[in-house]
1. Cut-off 10 angstrom, C-alpha nodes, Gaussian network model of chain B. Which of B:Y115, B:Y255, B:Y230 fluctuates the most?
2. Using 1/(1 + (r/R0)^6) with R0 = 41 angstrom and r between the beta carbons of A:I368 and A:V37, what's the FRET efficiency to the nearest 0.05?
3. Across the stretch C:42-57, in residue order, what do the Karplus-derived ³J(HN,Hα) couplings come to in whole Hz, using 6.51 cos²θ - 1.76 cosθ + 1.60 with θ = phi - 60° and x for Gly and Pro?
4. Please compute, over every Cα-Cα pair in the stretch C:6-285, the percentage with a separation greater than 26 angstrom.
5. So what are the ³J(HN,Hα) numbers for the stretch A:332-345, from phi and the Karplus equation (6.51, -1.76, 1.60; θ = phi - 60°), rounded to whole Hz, Gly and Pro as x?
6. Within 9 Å, Cβ to Cβ, of A:N184, how many net charges do the neighbouring residues add up to if Lys/Arg are +1 and Asp/Glu are -1?
7. If all Cα-Cα distances of chain A are sorted into 10 Å bins from 0 onward, what percent lands in each bin, rounded to whole numbers?
8. Among DSSP beta bridges whose residues both lie in chain A, state the antiparallel percentage, nearest 5.
Amino acid sequence: MSNIDLNKIWNYTTANESKDHILLKEKYDLFINGKFVKSNSRKYFNSVNPATDEIIAKISEANKEDIDLAVKAANSAFKSWSKLKAKERAKYIFRIARMIQERAKEFAVIESMDGGKPIRESRDIDIPLAANHFFYYAGWADKLEYAFPNTSLEPIGVAGQIIPWNFPLLMAAWKIAPAIACGNTVVLKPAETTSLTALKLAEIIQESGLPKGVVNIVTGGGKTGSEIVNHPNIDKIAFTGSTKVGKLIKRSIAGTHKKLTLELGGKGANIIFADAAIDQAVEGIINAIFFNQGHVCCAGSRLFVQESISEIVIEKLKERMSSLIIGDPLDKNTDIGAINSKEQLATIKKYINIGMEEGGEIYQKKCIISETGNWCPPTLFLNVSQSHTIVQEEIFGPVLAIQTFRTIDEVIEKANNTPYGLSAGVWTEKGSKIFKLTKELNAGVVWANTYNKFDPTSPFGGVKESGIGREGGLHGLKAYLKFK
Amino acid sequence: MARINVLKTYKNFIGGKFPRTESGRYFQIKNGNNELLANMCLSSRKDFRNAVVFARKVQKSWQNKSSLNRGQVLYRVAEMLEGRKSQFIEELMMTGLSKLHAKNEVELSIDRLIYYAGWSDKFQQVFSSVNPVASNHFNFSLLQSVGVVSVISPNEYSLLGMISVIAPIIVGGNTCVILSSEKNPMVGISFAEVLNTSDVPAGVVNILTGKRKELLSHFASHKDVNAIIYCGDNNQEIKEIQHLSSENLKRVKIYKHKNWDHNSSQSPFFIETCQELKTIWHPNKV
Amino acid sequence: MSFPNLLTVPKIDKIGVEERVNRFCKRSIKNSSKTHGLHLALSMIDLTTLDGKDTPENVKRMCYKANHLHDSLQGIPKVAAVCVYPTMVKYAKNELKGTKIKVASVATGFPSGQSSLDVKLSDTKFAVNEGADEIDMVISRGKFLAGEYNFVFDEIASIKEVCGKAHLKVILETGELDTLDNVRKASEIAIYAGADFIKTSTGKINPASTMPVTYVMLNAIKDYYKKTGIKIGMKPAGGISSAKIALQYLVMLNETLGHEWMNKDLFRFGASSLANDVLMQLQRQESGYYESIDYFSKD
């Protein structure tokens, strides 16, 4: 046994999650009508590991013909799927939930490799939540008369669903589960940079015996997405992504019969009062903006800290940042992983520069940044105001803009001073303050003394330009039903 | 030479274990040809008393588990029952059911377990409310488990009937003590084996075999039982229950109907029956 | 020593604390980090025997074990101290002569603390005279819960006075304090009244030490250091029975107070069976095989 010098600083060696057991193909085709089929475009694009710049797999690019085939399959499947006894529909969905649980580790590893998020998050949050989402909505399939009493309900038809790259498998679950539980069929396009877990989900869908055509997974970029949005035989569009694209989609379907739900961007206000549980509030700030590298639509990207405690909070925040570990997403000790793509990193860097140019005081955690991969250290901007660009526009990265406030009315006004309205956080130990704030804040989700908490039973969605409609909970069923 | 079968001994299911009745007594179940099917435990009031102690001990921790967890446990029970389908079909046929009826009953039982598994994290949303009171208060009402429930299981549909009553009780966070059907108590104990292998914590469900006329009064009068469910239409028995339950004002629910195979025999209202409503106020102005 | 301003003590949110603690438990400590951590853990143990049936003989045997944890393993540190009742101090001191292992004694009517101040003072004086290097006292929990904070403060200050050169650990008995807010309050009172170390538990009731209460106490120490520049030590006791748990505590210490606290002068584990589990883990690091307790001495 070598002699250990107990006076040396205790470091954590890397503790990499094993990749040995996962199964990844070199090339992935489209999943249409229950089978993996080659795309008509014959084109493939690379899916890259954002931490290592390595190509993980080649993904098919679906073109107009492919989308047409997928929609045909979905429409054909809809006829029998919508008429199947609800409790039997439910059983397929329960199977899918169970199978995700059985293969949880494999999904978590692939999610981290493909998207850059730490394995700790994909293993403990993304994958379990995804499985639970299928579990939750499976249970609703034969109970809809209790969700909306005194109504005659019908599924809508074929849903075209387009999801983002920040929670790839979870977003697929949020879209697919309620849709098929209500009797609809689906054509889903995962994000270009993170198609893999959706394609693995297609494998599970195949293995579960789900009737062919009920779920179709078509991969591709923006062009593929617009083919879906514009296809005449799709009855409903569900989109999660940027506000800019959301508005584009709404314009595109104007005048058509298509129903629409949108889950868009945000610039969440995270508000710390002087009577908050300070150490836990600091932890809450960290979770609000650095969880998933800040690639979260509901991130608490605007911090409002009451002036009397601002100094101590910022001091504690900087201290807490020093124990965050930025590193290989597959290292179990990594807290902050890789930025999803070079494009996104460029966007974040652009905003950081704007922030500095506009006079914000920048603070960044010191860390060793590797040459390969996409990395951004956790960043604070102090002494900024509502007029600064970085306080107004969504950055979608680990960048926090910090302001102080003096009174309740002041902070409510500032928090609501944005075209967004997705989320907000309130930290105070005083109950009545919580209820006052939660009532006045214009946000679809308000977290009190916590942040970034998600549950299949809890409805999620935004007001104003953060979106239309809710996902999760009883209320999440509305998006996929027609009231006769 | 034909192989000799090993006959099963049917014991009670109390506190996650299979003890014999402390009274040592038995009663016999015979088939249509008057052949012995099994010697069943003739449970005493002491067995019931012991079962209630277990049910009470674990009730709080069962209630405090997440709805997600309870739902997954119930789904597991369905998985286990599905795996033992042929065993249960055979056991139901032993007391005279046709193969078709037995298969139907077992399949409906599995589906009903899944039905209630799916309610675990949803019934709260259907029955709770935020109440718009006139004063400056945030006011909400939600359901909470009633506690320990005693159950007189249906005599017809020995398996499906029992499951139809147990599932909504436990998915709502309650624990229970069940008196098996007198017609086919064997399938009740076999179901206990399924519960035992399904991550259902010991003591959440306790199953006794015995005679209604001996045990009914204890099921109805025990003061540490919060609710009683009676399945049957014997007016004498019903009156006795309503009378004795007055001792501690336990909640009484009588199910007179017999068509447990019908869709009307499952609904979230079966869950709500064993729930209490709690309303909470908090000032909402600073 | 002035009474702390309890109005400025921060509130604690239990769920937030549990979530933070959960993150510490997710750290994966492997290979050289694990070995380093296990060595650290060993060096921080207060090997403890506090039974009504203790005799000089079993105390002597434990002291021998303290000095000879597992002679077949090279290069491992010794434990920090042994912890015994006052009447056993002299036997421990004798047995550990010439070693650097300290002798800590419980005092003040341990474990209940339900004795008069006079009894508590003479209990402490006796232990100090017998040679104890460290005194582990208990606070009056009843008085604390009744809101008599000044009483609790004064009691600690009086005991500190008669400790002389011996350093004072103040046991809060967190398992009886009900809420984390109370744990924080009690920590403030103990630190301001003169504690050199604050300690979670007597180990005689359930729950003994938990990571959430330890986290709250570590934060009290951190805030005090920020205000005054003085470093107070911390000792979780009871319930730390495995190397795995000990390593989780060390992760928590590392990420809350940092390197300066990662030594036996500022952090101790109050444990009896922990040492053998750590030794088994160290042996496994060397051999590559899962170990059996049969191969380790129990004294």
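The values are calculated or read from the model by the stated rules, or taken from the named source; none is laboratory data. Being a predicted model, the structure only gives us computed values, none of them experimental. FYI the Cβ positions are ideal-geometry reconstructions off the backbone, even for glycines, and counts take in every protein chain you see. Side chains are part of the model used for accessible areas, which takes the heavy atoms of the whole protein and leaves out ligands, DNA and RNA. Shrake-Rupley method; radii C 1.70, N 1.55, O 1.52, S 1.80 Å.
1. Sorting by GNM fluctuation, first place goes to B:Y255.
2. On the way: r = 45 Å, r/R0 = 1.10.
The calculated FRET efficiency here is 0.35.
3. Calculated HN-Hα couplings, in order: 4, 5, 9, 6, 9, 5, 10, 9, 9, 9, x, 9, 5, 10, x, 4 Hz.
4. On the way: 15171 of 39060 pairs.
Above the 26 Å cut-off, the stretch C:6-285 has 39 percent of its Cα pairs.
5. After applying 6.51 cos²θ - 1.76 cosθ + 1.60, I find 4, 8, 6, 9, 10, x, 8, 6, 4, 8, 5, 4, 5, 4 Hz.
6. Details: positive: A:K236; negative: A:D235.
Local charge sum for A:N184: 0.
7. Percent of Cα pairs in each bin: 4, 20, 29, 26, 15, 5, 1, 0.
8. On the way: 20 of 60 bridges.
Antiparallel: roughly 35 percent of the beta bridges in chain A.
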